[in-house]
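Below is one structure, written out as C-alpha cells; the observations come after it.
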Amino acid sequence: MYIKLIIFDFDGTLADTNKLIVDCKQEAMRRMGLKVMDEAVCSSTIGLSAATGFRQTYPDLSEEMIEKCVAEYRALFEEKKLTEPPDLFPEVLSTLKTIKEKGIICTIASSRNSRSLNGFLETMGLEEYFEYVLGGDDTLLLKPNPDPVLKTLEHLGVSAENTLVVGDMPFDILMGKNAGAYTCGVTYGNADRETLEDAGADYIFDKLGDILIIIR
C-alpha cells in the first residue's frame, strides 16, 4: 500500500468537540420544546450534517421545524465555542507534522459547514497542514456517500488506491469504502471499536499517531 493522500474527518478525529456539540444539541431541543435526548443519542449523529442529525433523531418532525432546530443549534454553537473552545486530541499536531515531512498530502472532508470548519482550523493553527478542505456545504452529497472523497481525489489528481480516509464514525468509514479508498477508524472519538469494525474499517487505532505505522 502506497499512501499519497490522507483525508481526515474533523469532529471526533482531530478536535474533541463532543461535549460542545452535545450541549448545544440538547439546549436546542429544550428551546424548541422537543424531548431532550441523552448524550448517546446526540453523539450518534455527530459526523452527519446538523439537519440530517435532527431528521434522524426526530423522524416525524416537519422540514420547517428541522430548519428551526438547525438555526437554533448553530446559534448556540457559535456562542458556546467562544467560552468552551474544543481542544485538539493528543498527538494531532505531531502526527500532522510528521505526515507533512513525509510529503503526504492531507485534506479534510467534514459535514461541518465550511465557515465553521475553516474558523476552527485557523484558531487551532492547523491551516498549514491541509491542502484542501471540504465542508458540508461544498458538496451536495454528504457522508456516507463517497462524493466528498471523490471530489477530493478529482481536485488533487490522486487515485483511491493511494488514499487513506481517517475518521471516528461509521459514516467516515463507509464514505471511504464507497469511494474505493483505504479506511482507518479511531476509537477515541464518538464511536467504539465494534462499531468501526462493523462498518468495515481496514485499520482501527486507539491513538492518531498510530496511523504512521500504515504510511511507513
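Of all residues in the range 67-108, exactly one satisfies the criterion of being surrounded by 18 or more Cβ atoms within 10 Å (Cβ to Cβ) and over 24 Å from Asp168 (Cβ atoms), namely Glu72. Apart from one condition, Gly33 fits all of (1) on the phi < 0 side of the Ramachandran plot; (2) out of contact with any Leu (no Cβ under 6 Å at 6 or more places or on another chain); (3) not assigned by TED's automatic domain parsing to the domain that holds Met169; the exception is (1). Taking every residue in the range 191-215 that is free of Cβ contacts under 8 Å to residues at least 40 places away in the same chain and pairing it with any residue that is aromatic (Phe, Trp, Tyr), at least 6 positions away or on another chain, the pairs with Cβ-Cβ distances below 6 Å are Asp202/Tyr182. Residues in the range 140-150 that are surrounded by fewer than 18 Cβ atoms within 10 Å (Cβ to Cβ) and in contact (Cβ under 8 Å) with a residue 12 or more places away in the chain: Asn145 alone.
Tell me which residues, restricted to the range 94-118, are out of contact with any His (no Cβ under 9 Å at 6 or more places or on another chain) and either closer than 21 Å to Pro144 by Cα or free of Cβ contacts under 8 Å to residues at least 12 places away in the same chain (or both). The answer is Glu101, Gly103, Cys106, Ile108, Ala109, Ser110, Ser111, Arg112, Asn113, Ser114, Ser116, Leu117.
Going by what's in this entry, would Met32 be described as farther than 14 Å from Asn190 by Cβ and touching a Lys or Arg at 6+ places or on another chain (Cβ under 9 Å)?
yes
Summed over the range 23-51, the residues that are crowded, with 16+ Cβ neighbours inside 10 Å and among the acidic types (Asp, Glu) give a count of 2.
Within 17 Å of the chain's Cα centre (by Cα), buried (at least 16 other Cβ atoms within 10 Å of the Cβ) and among the charged types (D, E, K, R): does that describe Arg55? Taking the combined requirement at face value, the residue does not satisfy it.
Let's see how each residue does on (1) within 14 Å of the chain's Cα centre (by Cα); (2) buried (at least 19 other Cβ atoms within 10 Å of the Cβ):
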| site | (1), (2) |
| --- | --- |
| Leu117 | yes, yes |
| Leu134 | yes, yes |
| Asp137 | yes, no |
| Leu153 | no, yes |
| Asp168 | yes, yes |
| Gly180 | no, no |
| Ile215 | no, no |
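The values are calculated or read from the model by the stated rules, or taken from the named source; none is laboratory data. Remember, it's a predicted structure, so these values are computed and weren't measured experimentally. Neighbour counts run over all protein chains shown; Cβ positions are idealised from the backbone, glycine included.
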